[in-house]
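Asks: Below is a structure I'd like to ask you about.
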Amino acid sequence: MTKPGASAQDYDIARARCEGEAWSQLPAAPTVTTTVAGYYSSTGIQCTPNSAGGHDCKQGQRWNPPVYGSKDANAEGRAAIVRACLINDGWTPASSG
């Protein structure tokens, strides 16, 4: 973000103020999310002798349970509030090109 005549320190101060406002409006809302779905993996072919003198073989499988993590459900909303606050304070998005 840029603002004519403003320094990097001015931006840091404005951003900190806007972040404070955003956190007061949308506090953390941790939610549990699945980061890796549960799945079966192969443990190889497992064979056992049978009564006819041969072998009964089957594909072995192992269950790998899901992996969970947490996510702040309000993070994107806070980012939007910070952006709007900075724009209302005269800051404009810096060109990326």
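Condition check ((1) within 25 Å of the chain's Cα centre (by Cα); (2) surrounded by 10 or more Cβ atoms within 10 Å (Cβ to Cβ)) across all residues:
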residue: Gln9; (1), (2): no, no
residue: Pro30; (1), (2): yes, yes
residue: Thr34; (1), (2): yes, yes
residue: Pro49; (1), (2): no, no
residue: Cys57; (1), (2): no, yes
residue: Gln61; (1), (2): no, yes
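Per-residue answers, yes or no, for (1) among the β-branched types (Val, Ile, Thr); (2) touching a strand residue (DSSP E or B) at 6+ places or on another chain (Cβ under 7 Å):
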{"position": "Leu26", "(1), (2)": "no, no"}
{"position": "Tyr40", "(1), (2)": "no, yes"}
{"position": "Gly44", "(1), (2)": "no, yes"}
{"position": "Thr48", "(1), (2)": "yes, yes"}
{"position": "Lys71", "(1), (2)": "no, yes"}
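Asks: Among Cys18, Cys47, which is the only one that is closer than 30 Å to Asn88 by Cβ and in contact with a Cys (Cβ under 8 Å, 6 or more places away or on another chain)?
Replies: Working: Cys47 fails: closer than 30 Å to Asn88 by Cβ.
The match here is Cys18.
Asks: When both residues are 6+ apart or on different chains and their Cβ atoms are under 7 Å apart, which pairs have a first residue that lies in segment 75-97 and is surrounded by 15 or more Cβ atoms within 10 Å (Cβ to Cβ), and a second that is not in a helix (DSSP H, G or I)?
Replies: Arg78/Leu26; Ile81/Leu26; Leu86/Met1; Trp91/Met1; Trp91/Thr2; Trp91/Lys3
Any read-out appearing in this document is the output of simple, stated calculations on the displayed coordinates, not a laboratory observation. Because the structure is predicted, anything quoted here is derived from the model rather than measured. We place every Cβ from the backbone using ideal geometry, glycine too, and count neighbours over all the protein chains shown.
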